[in-house]
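So the structure is just underneath, and the comments pick up after that.
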Amino acid sequence: MTAHSRNRLRARFGRSRTIALLAVGAVAAGGLAAVGATGLEPGTAQASSHREAPLISGQPQYDTTDVYAFVSPDRPDTTTLVANWIPFEDPAGGPNFYKFADDAQYDIHIDSDGDAQGDYLYRWTFQDHFRNKKTFLYNTGPVTSLDDPDLNFRQTYDLDLFRLHDQQVTGRYKVANDVPVAPSNVGKASMPDYNVLRQQAVRHVGRGTTAFAGQADDPFFLDLRVFDLLYGGNLSEVGDDTLKGYNVNTIALQVPTASIRQSAKQPVVGIWSTTQRRTANGDWAQVSRLGMPLVNEVVNPVRDKDRFNASSPWNDGQFLKNVTHPELPKLIEGIYKIKAPATPRNDLVQIFLTGVPKLNQPPRVRPSEMLRLNTAVPPATKPKRLGVLDGDTAGFPNGRRLGDDVVDIALQVVEGELVGSKNDLGDAVDANDRTFGASFPYVALPASGSDGPLAEPATESAQTDGVTQLNAGGLLPGGGDDDTVLIASAASGGAGVLLIGAALLWWRTRRRPAGRGAHGRA
C-alpha cells in the first residue's frame, strides 16, 4: 500500500482507529458438527478456514476454508450453498495438482428448526481415475472437454442426502453418481478455454437441484498480514489482498428453498460444513468444521482449536467464554489504544450464536455456531458489502454472500458497533480481485498456472528469443532428434519452459547399444 493510501485511511478513520484488523471474520464460539447420527457419527480424533488450527494446517485436502449460504440472486426460489477446501492453492503447483481426498467425506449440514442438530446432510465422496499411470503428466495435451482423452487425471463424485431426526438417520437418498469434477486449471496451453470445462461440470441432478465441484478462485478477500502484530503494529502492512491469485477446491449446491427449510412460517436455516477422514482402522474421524468465517483463527485459543474442529454445534457451550470475553479487542487496545468494549459481550452471542431477533433467529433457538440464513429475505438488487450493518438485510450475518466483506463487518462488530462504539474499521480490502459470476456456481474461474500469484510477466521478445535458442539447438519438433522430449508453455502470464529433452536425449544416447540408429529400441 502506498504512503498516500495509508494517509488517506488515517484521515478517514483517525490514526488510532484505522486498524485494518484481521481477517477475523465473525467472532463466534466453537462448533460445527459431523452428522452425529447412527452410522455417521464422527470419531474422537482431534483436529477451518485458512490454516487456523495446528492439526488441520497439515491436512489441506480436509481443511475447509469458507462456507457461504445465500438466496440465489437469479433464482430466488432456491438457496445456494458453497463450501471450499484446500487453502492457498498455487495455480502452478504441478505435476500433482489439487484434488479432493478420496478417503474423506465432505459434508454440508442444514438445521431447519434451530435446535443445533442437523436435519439434512449432503455428502460428497470422490473417486480418482487415471488414463495412464506410466506418465507423470496431469494432462498429455490440450484439454477441451471433461472427457478429453488428454485429461490424464480425473475425479468424479457421488452425492447423497441424509434426512435426520435426533441424530438418527431416517432416510438416505442418492442424489447423483459419477459426476465429473472440473480439473485444476493447469495453464493456457493445457486448457485453452477453461470456462468450457467449468460449464460442463455444472450438472442438473434432478428435483430442481444443481451441483458443481471443481477448482475456483478463492472468493475470500482480506489482508492476512494481520498476524504480523496486527498489520505491523503501525499500519505499515495493510490493504493487500493476500489471497489474490490463489485457488481453492469448491463444492456448490443449489436447491429449492422449500426442500430445506421447516416451513414458510419458519424460514431460517442453519448451515455448516464438516470433513471426515478415514483412519487407519477404518473408522471416520471429523477433522474440520466451519460455519461462520474465520472463527477458529482468532476467537478460540490454541488449546481449543483442534477440539473445536472435532466438535458439534449442540456442544458449543464449552466455547462460550471465548465469545463473551474475546481476546481480540484487548489486543487492539494494547497496540492501537482503541478501548475494548466492556464484557461480557452478549451482543456477540446474539449476532453469532443465536441469530438476530426478527431477522435470522429461529424460535426456541439453541445457541450454537453456524451460518444462519433467513430464506424469506429476497436477494438485494444492489448488494452492499457491509450487509446488515449498512441496511442490506440479505447480507452477512444473515447468511453469507460471496461479496460480503466479512472482515470489515466482523471487525466493526467486535469493536462495539452494536453497543454504541461506532467505528469504520476495516482492512482496506473491499472486494475480490476477480468478478463473481451472475449464475450458479457464482464463484470466479480459477487462476491458471500461466498467471498465478508468483508469475512474472514476460516480454514477447524474451519468449521469441527463448524459442529461437531452443530450436537452434535442435530441441523443437522438426528441429532435431525425434526422441527428444520438450514440454514448453509460453503465455501472457509468463513464459514457463520445462525442458527435459536434452537430459533425456543424453540418457538415451548413453544407454543405446552400438550400431542402433536414432529410432532403435534399447
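Per-structure values
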| quantity | calculated |
| --- | --- |
| Any hit, segment 365-380, residues being open to solvent by 50 Å² or more (accessible area, probe 1.4 Å) and at positive phi | no |
| Boolean, A101 is in a loop (DSSP other than H, G, I, E, B), buried (at least 17 other Cβ atoms within 10 Å of the Cβ), of a type outside the set (D, E, K, R) and out of contact with any Asp or Glu (no Cβ under 8 Å at 6 or more places or on another chain) | yes |
| Odd one out for F396, checked against (1) aromatic (F, W, Y); (2) over 26 Å from P219 (Cα atoms); (3) buried (at least 23 other Cβ atoms within 10 Å of the Cβ) | (2) |
| Test set (1) outside any helix (DSSP H, G or I); (2) over 28 Å from Y122 (Cβ atoms); (3) among the basic types (K, R) - R225 fails condition number | (1) |
| Checklist (1) within 30 Å of Q318 (Cβ to Cβ); (2) part of a loop (DSSP other than H, G, I, E, B) applied to L348, failing item | (2) |
| Only one of A211, A252, A216 that is in contact with a Lys or Arg (Cβ under 7 Å, 6 or more places away or on another chain), of a type outside the set (D, E), buried (at least 19 other Cβ atoms within 10 Å of the Cβ) and modelled with pLDDT of 95 or more | A211 |
| Boolean, P362 is assigned to a loop (DSSP other than H, G, I, E, B), closer than 22 Å to S273 by Cβ and over 26 Å from the mean Cα position of the chain (by Cα) | yes |
| Scan of segment 115-136 for residues that are in a loop (DSSP other than H, G, I, E, B), open to solvent by less than 50 Å² (accessible area, probe 1.4 Å) and farther than 21 Å from T80 by Cβ, ordered by number | D115, A116, Q117, T135 |
| Qualifying residue in segment 183-204 (condition: closer than 16 Å to T80 by Cβ, touching a strand residue (DSSP E or B) at 6+ places or on another chain (Cβ under 6 Å) and open to solvent by 40 Å² or more (accessible area, probe 1.4 Å)) | yes |
| Among (1) under 22 Å from the mean Cα position of the chain (by Cα); (2) within 27 Å of D111 (Cα to Cα); (3) open to solvent by 20 Å² or more (accessible area, probe 1.4 Å) - the single one P180 does not satisfy | (2) |
| Whichever residue in segment 261-283 is hydrophobic (A, V, I, L, M, F, W, C) and crowded, with 24+ Cβ neighbours inside 10 Å and, among such residues, is farthest from V443 (Cα to Cα) | V268 |
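The values are calculated or read from the model by the stated rules, or taken from the named source; none is laboratory data. Bear in mind that the values here come from a model prediction, so they are computed numbers and not experimental data. All Cβ positions, even for glycine, are placed from backbone atoms using ideal geometry, and neighbour counts span all protein chains on display. We work out accessible area using only protein heavy atoms, side chains counted, and drop any ligands, DNA or RNA first. Shrake-Rupley method; radii C 1.70, N 1.55, O 1.52, S 1.80 Å.
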